[in-house]
Amino acid sequence: MKILRGPKGCPWDKEQDHASLKQYLIEETYEVIDTIDDNDMSKLKEELGDLLLQVVFHAQIAEDQNEFTIDDIIQTLIEKLTRRHPHVFGDKNLSSAEQVLKQWHKIKKAEHGTKRPSVIDGVPRKLPALQKAHKLQKKASRVGFDWDHIDKVLAKVDEELQEVKEAIKTNDKKHIYDELGDLLFSTANLSRFLGLDPEGALRGTIRKFTSRFQTIEKELSRKGKKLEDASLAEMDAIWNKAKKIKSKNEKGKR
């Protein structure tokens, strides 16, 4: 990267700055997530390299501007990991992941001091909304702002769904919009209460939808038909068949 940004380097690489690279950092992160979801280790190796390139790129830009180097980044990380693992690098004795997590957040809070007056500060502004909801809810939960039983969480989801139904009757788009947001937020909270990742769950459903919809396209094409010429009942029949085959294959693997 030093050569690429050097006098005889690449014109494009030399023109980049921290801001111009933001989109690539996001794209490479999601490509890593895709390969993890696909359980493709060969591809994961490649995508992790692409993600690492973004860190190296930012580090070189900072070094060119006499701000910091890749060594500074790594040293800062080493110090943080050492500081936040006193049960490994110090004399603290912790035996469970839950204890470690509580300690991690306690140390992190002490590090930030009064920089974050609210317990829900520190969630990145640019996070996807579902992930952001999940993180905000987790932070609130740590100080006791949480349901004590899943039945209450489910009741809240039911309540929000009913409010969406009532809002639809008013035909007020703004009201429907607000109530739909509440429903999505409460659903994200249900996943958090269950210890599940809502972003990952939704990605899984999107993959299923994509696969089954493409099966409809292929099956209709095999019959010499276009999507727009098929009835909903015909498409539903292919969808349900694909769903049954998928379910059968998954049971076979178990």
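The values are calculated or read from the model by the stated rules, or taken from the named source; none is laboratory data. The structure displayed is predicted, hence computed values, not measured ones. Backbone-built Cβ (ideal geometry, glycine too); neighbour counts: all protein chains shown.
Of all residues in segment 221-238, those that are farther than 16 Å from Phe209 by Cβ have Cβ atoms under 6 Å from Cβ atoms of residues that are outside any loop (DSSP other than H, G, I, E, B), 6 or more apart or on another chain, in Ala230/Leu220. If we scan segment 115-137, do we find a residue that is part of a helix (DSSP H, G or I), out of contact with any Phe, Trp or Tyr (no Cβ under 6 Å at 6 or more places or on another chain), exposed (fewer than 11 other Cβ atoms within 10 Å of the Cβ) and not aromatic (Phe, Trp, Tyr)? Scanning segment 115-137, I find at least one residue that is part of a helix (DSSP H, G or I), out of contact with any Phe, Trp or Tyr (no Cβ under 6 Å at 6 or more places or on another chain), exposed (fewer than 11 other Cβ atoms within 10 Å of the Cβ) and not aromatic (Phe, Trp, Tyr), so the answer is yes. Within segment 202-240, the residues that satisfy the criterion of being of a type in the set (Val, Ile, Thr) and surrounded by 15 or more Cβ atoms within 10 Å (Cβ to Cβ) are Thr215, Ile216, Ile238.
Within segment 194-208, residues that are free of Cβ contacts under 8 Å to residues at least 24 places away in the same chain sit with their Cβ atoms under 7 Å from residues that are in a helix (DSSP H, G or I) and not hydrophobic (A, V, I, L, M, F, W, C), at 6+ positions apart or across chains, in these pairs: Ala201/Ser191. Considering each of Ile26, Ile36 in turn, give the residue that is modelled with pLDDT under 95, surrounded by 14 or more Cβ atoms within 10 Å (Cβ to Cβ) and either hydroxyl-bearing (Ser, Thr, Tyr) or within 26 Å of Ala201 (Cα to Cα) (or both). None of the others qualify; the one that does is Ile36. Based on this model, can you work out whether Val100 counts as surrounded by 12 or more Cβ atoms within 10 Å (Cβ to Cβ), touching a helix residue (DSSP H, G or I) at 6+ places or on another chain (Cβ under 8 Å), within 22 Å of Ala188 (Cα to Cα) and not small (Gly, Ala, Ser)? So Val100 fails the test. Of the residues making up segment 4-15, none is crowded, with 16+ Cβ neighbours inside 10 Å, outside the structural domain of Pro124 (by TED's automatic domain parsing) and either part of a helix (DSSP H, G or I) or on the phi > 0 side of the Ramachandran plot (or both). Within segment 29-84, the residues that satisfy the criterion of being in contact with a helix residue (DSSP H, G or I) (Cβ under 7 Å, 6 or more places away or on another chain), of a type in the set (D, E, K, R) and part of a helix (DSSP H, G or I) are Glu31, Asp37, Lys43, Glu47, Asp50, Arg83.
Condition first: of a type in the set (A, V, I, L, M), in contact with a Ser or Thr (Cβ under 6 Å, 6 or more places away or on another chain), surrounded by 11 or more Cβ atoms within 10 Å (Cβ to Cβ) and at pLDDT 95 or above. Can you find one or more residues in segment 154-163 that meet it? Scanning segment 154-163, I find at least one residue that is of a type in the set (A, V, I, L, M), in contact with a Ser or Thr (Cβ under 6 Å, 6 or more places away or on another chain), surrounded by 11 or more Cβ atoms within 10 Å (Cβ to Cβ) and at pLDDT 95 or above, so the answer is yes. Determine which member of the set Leu183, Leu161 is part of a helix (DSSP H, G or I) and more than 23 Å from Lys139 (Cβ to Cβ). Leu161 is the lone residue from the list that is part of a helix (DSSP H, G or I) and more than 23 Å from Lys139 (Cβ to Cβ).
The rows are residues; the columns are (1) among the acidic types (Asp, Glu); (2) free of Cβ contacts under 8 Å to residues at least 12 places away in the same chain; (3) closer than 29 Å to Arg203 by Cβ; (4) surrounded by 14 or more Cβ atoms within 10 Å (Cβ to Cβ).
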{"position": "Met41", "(1), (2), (3), (4)": "no, yes, yes, no"}
{"position": "Leu44", "(1), (2), (3), (4)": "no, no, yes, yes"}
{"position": "Asp50", "(1), (2), (3), (4)": "yes, no, yes, yes"}
{"position": "Ala59", "(1), (2), (3), (4)": "no, no, no, yes"}
{"position": "Gln65", "(1), (2), (3), (4)": "no, yes, no, no"}
{"position": "Phe68", "(1), (2), (3), (4)": "no, yes, no, yes"}
{"position": "Asn93", "(1), (2), (3), (4)": "no, yes, no, no"}
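Taking the condition within 27 Å of Val32 (Cβ to Cβ) and either at pLDDT 95 or above or within 19 Å of the chain's Cα centre (by Cα) (or both), does Lys174 pass? Spelling it out, it is not the case that Lys174 is within 27 Å of Val32 (Cβ to Cβ) and either at pLDDT 95 or above or within 19 Å of the chain's Cα centre (by Cα) (or both).
Reported count of residues in segment 141-152, each being surrounded by 15 or more Cβ atoms within 10 Å (Cβ to Cβ) and either closer than 12 Å to Phe185 by Cβ or among the charged types (D, E, K, R) (or both), is 2.
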